[in-house]
Amino acid sequence: MKFSGRLAVQQRVLPVYRAPFFDTLAASCEGGMSLFAGEPRPVESIATTRELLQAKYTFAENRHFLSGPLYLCYQQNMLDWLDDWDPDALIVEANPRYLATPAAVKWMRERGRPVIGWGLGAPYQPGPWAGLRQKNWMRFLRRFDALVAYSQSGAADYAALGFPLEKIYVAHNAVARRPTGGMPTRPLRQPHEPLVVLFVGRLQERKRLDNLMRACAALPKERRPKLWIVGDGPARESLEGLAHAVYPRARFFGARHGPELDLLWAEADLFALPGTGGLAVQEAMSHALPVIVAKGDGTQDDLVRKENGWQIPHNDLDALKDTLAFALSDNSRLITMGAESWRIVAEEVNVEKMVDVFIKALKQVS
């Protein structure tokens, strides 16, 4: 499918991992696509890019205010961007903390053009201001002609706030393209061979790699795996010190990309991410690996199922110990589950499928 007009897409920032999606979406827009995004706060440690192959990039002058639950962002040159690009449709992040969005929606409405919101959802937040927050969300969502959610749970959030169900679309959060070629094959290990548990991501405290090392150390000696940790970040030094004391079998590879990383994917037996975040989960699945992930924002529910992995509570060491012990007890089961991971990415959750949903939503509202 193709969108026949000119598309504008607003983002607060453009992470490196999202560039393939935007380029693929741009290739499906006959009138072209312009992406508007700025820089994150330094404390966020988000790897961003301005390099796009298909989409036109316009730099957003982000102004950040406050932090935590009070955080707000104003993109002060957003209307100038719309004036220059003159889009036929606009997609924005469905986040009421972004203060320039109402003016952008008004700009489109004055010209009779549609606006689609895209977001994680709007989960209910209890507390003394819960009712006010809920009404604010409902007023905000009514601005849009359609909503695209990252997950089924996000779509349910929007529906619960009264947004018409027929105008809600689910584009499963994807960072990997549909695999090409056949499914990777994995050898069945010999009984005396240790299995390889792989982590790929930024080394931060919230990823709970400390729990992963302690869980590996708690396994019976004959079942303790090789633990390969790929990535860099502020917690690397402390994690290496902990590994020396708790689990010397852990090996730190630093940041790896391209063919170097592909070699590590090929040698692994299981991917584990016991903390928050986890965009590497889909990449692991595209390499036919079963996965252990912590429950988070709901996007994991669409990716990780009993047939291809395990979801555990965040920061629950006992659950991680038990899950690791069970997963590593049967190498042939891991291979079967890895095959299902590959099927999910090949058929259901990939960048191309994600783009198809956006084009469908654009055609419906245009």
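The values are calculated or read from the model by the stated rules, or taken from the named source; none is laboratory data. Please read these numbers as outputs of a predicted model, since none were measured by experiment. Reconstructed Cβ throughout: ideal geometry from the backbone, glycine too, with neighbour counts over all protein chains shown. Accessible surface is based on the protein model in full, side chains and every heavy atom, while ligands, DNA and RNA are left aside. Shrake-Rupley method; radii C 1.70, N 1.55, O 1.52, S 1.80 Å.
Taking all protein chains together and a probe of 1.4 Å, list THR299, THR276 from the most accessible to the least accessible.
THR276, THR299
How large is the accessible surface per residue of the chain, computed with a 1.4 Å probe and reported in Å² as a whole number?
Per-residue accessible area for the chain comes out at 47 Å².
When the accessible area of the range 54-164 is split by element with a 1.4 Å probe, what percent falls to carbon and sulfur?
53 percent
Please give the helix 317-327 orientation as an angle from the longest Cα principal axis of the chain, in degrees from 0 to 90, rounded to the nearest 10.
Tilt of helix 317-327: around 70 degrees.
Once fully extended, how much extra length lies between GLU205 and ARG97, figured as 0.36 nm per residue of separation less the alpha-carbon to alpha-carbon distance?
Value of the extension gain: 36.3 nm.
Quick check: residue separation of GLU237 and HIS257 times 0.36 nm, minus the Cα distance between them. What number comes out in nm?
5.1 nm
Among (1) 18.7; (2) 17.8; (3) 16.9, find the value of mean projected area of the Cα convex hull in nm² that was calculated from the structure presented, and write down its label.
Looking at mean projected area of the Cα convex hull in nm² for this model, the match is (1).
Under a 1.4 angstrom probe, counting protein chains only, how are HIS192, HIS287 ranked by accessible area, largest first?
If we order HIS192, HIS287 from most to least accessible, we get HIS192, HIS287.
With springs only between Cα atoms under 10 Å apart, run a GNM on the chain and tell me which of PHE22, PHE253, PHE65 wobbles the most.
Top of the fluctuation ranking is PHE65.
Rounded to the nearest percent, how much of the accessible area of the range 248-365 (1.4 Å probe, protein heavy atoms only) is carbon and sulfur?
Summing carbon and sulfur atoms, their accessible area is 49 percent of the total for the range 248-365.
Using only Cα atoms and rounding to the nearest 10 degrees, what angle (0 to 90) does helix 351-365 make with the longest principal axis of the chain?
Rounded to the nearest ten degrees, it is 20.
Treating only the Cβ of Lys, Arg, Asp and Glu as charged (+1, +1, -1, -1), what charge dipole size does the chain show about its Cα centre? Round to the nearest 20 debye.
That gives the chain a dipole magnitude of about 560 debye.
Computed FRET efficiency, Cβ-Cβ of GLU193 and ASP301, R0 22 Å: what is it to the nearest 0.05?
0.10
From the residues PHE358, THR323, ALA339, which one has its Cα farthest along the dipole of the range 295-366 in the positive direction, the dipole being from +1 and -1 charges on Cβ of Lys/Arg and Asp/Glu about the Cα centre?
Projecting each Cα onto the dipole axis, the largest value belongs to PHE358.
For the chain, what is the calculated [θ] at 222 nm in deg cm²/dmol (nearest 500), taking -39500 (n - 2.57) for each run of four or more DSSP H residues and dividing by its residue count?
Rounded to the nearest 500, it is -10500 deg cm²/dmol.
To the nearest 10 degrees, how steeply does helix 101-110 sit against the main Cα axis of the chain, on a 0 to 90 scale?
Compared with the principal axis, the helix lies near 40 degrees.
If amide hydrogens are placed 1.01 Å from N in the peptide plane, which non-local residues have theirs closer than 5 Å to the one on VAL13?
Here GLY38 satisfy the definition.
How about LYS226: which lysines have a C-alpha closer than 23 Å to its C-alpha, ignoring those fewer than 8 places off in the same chain?
Excluding near neighbours in sequence, the set is LYS207, LYS321.
Report the extension gain between ASP322 and GLU166 in nm, rounded to one decimal, defined as 0.36 nm multiplied by the number of residues separating them, less their alpha carbon distance.
Here the segment from ASP322 to GLU166 would lengthen by 52.0 nm.
Any idea how far apart GLU222 and ASP84 come out in nm if each label point goes 7 Å out from Cα toward Cβ?
Between GLU222 and ASP84, the simple spin-label model gives 6.7 nm.
Which percentage, to the nearest 5, of the DSSP beta bridges contained in the range 1-158 is antiparallel?
Around 20 percent antiparallel, to the nearest 5.
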